[in-house]
1. Here's a check for you: in segment 293-310, which residue that is within 16 Å of the ligand (Cβ to nearest atom) and surrounded by fewer than 23 Cβ atoms within 10 Å (Cβ to Cβ) is farthest from THR213 (Cα to Cα)?
2. Taking segment 84-133 only, how many residues are touching a Phe, Trp or Tyr at 6+ places or on another chain (Cβ under 8 Å) and in a strand (DSSP E or B)?
3. Is at least one residue of segment 51-63 out of contact with any helix residue (DSSP H, G or I) (no Cβ under 8 Å at 6 or more places or on another chain) and hydroxyl-bearing (Ser, Thr, Tyr)?
4. Quick one: would you say THR31 is part of a loop (DSSP other than H, G, I, E, B), hydroxyl-bearing (Ser, Thr, Tyr) and closer than 25 Å to ALA113 by Cα?
5. Quick one: would you say VAL265 is among the β-branched types (Val, Ile, Thr), near the ligand (Cβ under 9 Å from one of its atoms) and either at pLDDT 95 or above or farther than 19 Å from HIS40 by Cβ (or both)?
6. Every residue in segment 233-252 that is within 14 Å of LEU307 (Cβ to Cβ) and assigned to a loop (DSSP other than H, G, I, E, B), please.
7. Given the conditions (1) surrounded by 14 or more Cβ atoms within 10 Å (Cβ to Cβ); (2) more than 17 Å from TYR53 (Cβ to Cβ), and given that ALA113 satisfies all but one, which numbered condition is not satisfied?
8. Scan segment 25-34 and tell me whether some residue there is under 14 Å from ALA122 (Cα atoms) and without any contact (Cβ under 8 Å) to a residue 24 or more places away in the chain.
Amino acid sequence: MSEMLSVIVDGMWRQGDKSLAVRLVADNGETLPGWQPGAHIDVHLPCGIIRQYSLTGTCGGESYLICVGRETASRGGSRYIHETLRPGQKLAISSPRNLFPLHQADRVVLLAAGIGITPLYAMALQLEASGTPFTLHYYVKKRENAAFVPEVSGGWRNGECIIHASCEGESPRARLSQDLPAAHDGLHVYTCGPLEFMAKVRDVAAGKGWAATHIHSEAFQPVAPAANADTGDVFTVTLASTGERWPVPADKTIAQVLLENGVAVPLSCEMGICGACLTPVFDGVVDHRDTVQSAEEKSARDQQVALCCSRSHSGELVIGL
Ligand code: FES
């Protein structure tokens, strides 16, 4: 399980007309653990909600920076941060976890929509520092919605940022086929934003012959299950370390069954979007239902299962606990 950290809200300020930047410093005055672009933290809000937010800005400073968009359909986290959280308040957070790391590349294209700018702004800073050429396309509804505008707008030596506003006819739908270049081996694409946006990126990329291994994305939203989604058949979960085994009924998750039997499970989002509960699988066929792993990871020889939501196609799943 990720180490828990106690932090203080050191500052909050507007980013565009819809988002708030929040700076966090260690409560004990010590340096916070290091992180790399693409990392996120779990923020445990005093209202009982846990939310995942990407770290942004420059790695290696004394503080962590997150940026939170105001969601009209907030499940509570965004509303709490915008309306209740104040500088000076203490929060518990997880140490950073990175499921969206930068890979070695000759050139990088960053495609951000809305608040999806947060991990990609950190990536742009890292690419600039390492001398890797990049282009950041940042799609917003209106220019006034954009966060980190002065930071991303100019002064790059190795890259460029172009802000596209839908209200000016520059929607992702209109732009993506020209903004996404033809595929080649040394070029990688990173995308973050609403699920529909990232699905569109993958569609356009597939049409241009991109290999899935060169397109990287991250979403902090659960994919809605189909209305008639079946939770699945009963199967057995077995612990590789002890051989203990328990049935997982259709109305319970693997995590629930393990917890009921006294097995510690590192849970956070409980929606398959954060990666906290990913556990190696030694035997069995996983019915993957998380959105945190890529299609390649879900079909790789060495697989992990999200204990909070995934199930099994085989009668038994042997896991690395
Ligand atoms: S707890 Fe977040 S993916 Fe399972």
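1. If we filter segment 293-310 for residues that are within 16 Å of the ligand (Cβ to nearest atom), which is where we start, we get 293-294, 297-298, 303-310.
Now drop any that are not surrounded by fewer than 23 Cβ atoms within 10 Å (Cβ to Cβ), which leaves 293-294, 297-298, 303-304.
Values: GLN293: 12, SER294: 9, GLU297: 10, LYS298: 13, GLN303: 16, GLN304: 18 Å.
Only one residue tops the list, namely GLN304.
2. If we filter segment 84-133 for residues that are touching a Phe, Trp or Tyr at 6+ places or on another chain (Cβ under 8 Å), which is where we start, we get 93, 96, 98, 100, 102, 107-114, 116-121, 123-124, 127-128.
Keeping just the survivors that are in a strand (DSSP E or B) gives 93, 98, 107-113.
So the count comes out to 9.
3. Just the residues of segment 51-63 that are out of contact with any helix residue (DSSP H, G or I) (no Cβ under 8 Å at 6 or more places or on another chain), to begin with: 52, 60-63.
Subset that is hydroxyl-bearing (Ser, Thr, Tyr): 63.
Among the residues of segment 51-63, at least one is out of contact with any helix residue (DSSP H, G or I) (no Cβ under 8 Å at 6 or more places or on another chain) and hydroxyl-bearing (Ser, Thr, Tyr), which makes the answer yes.
4. Details: part of a loop (DSSP other than H, G, I, E, B): yes; hydroxyl-bearing (Ser, Thr, Tyr): yes; closer than 25 Å to ALA113 by Cα: no.
No: the conditions fail for THR31.
5. On the way: among the β-branched types (Val, Ile, Thr): yes; near the ligand (Cβ under 9 Å from one of its atoms): yes; either at pLDDT 95 or above or farther than 19 Å from HIS40 by Cβ (or both): yes.
Yes, satisfied.
6. ALA240, LYS252
7. Among (1) surrounded by 14 or more Cβ atoms within 10 Å (Cβ to Cβ); (2) more than 17 Å from TYR53 (Cβ to Cβ), ALA113 violates only (2).
8. At the first step, the residues of segment 25-34 found to be under 14 Å from ALA122 (Cα atoms) are 34.
Now drop any that are not without any contact (Cβ under 8 Å) to a residue 24 or more places away in the chain, which leaves none.
Checked segment 25-34: no residue is under 14 Å from ALA122 (Cα atoms) and without any contact (Cβ under 8 Å) to a residue 24 or more places away in the chain.
The values are calculated or read from the model by the stated rules, or taken from the named source; none is laboratory data. The structure displayed is predicted, hence computed values, not measured ones. Every residue, glycine among them, receives a Cβ derived from its backbone with ideal geometry; neighbour counts consider all protein chains shown.
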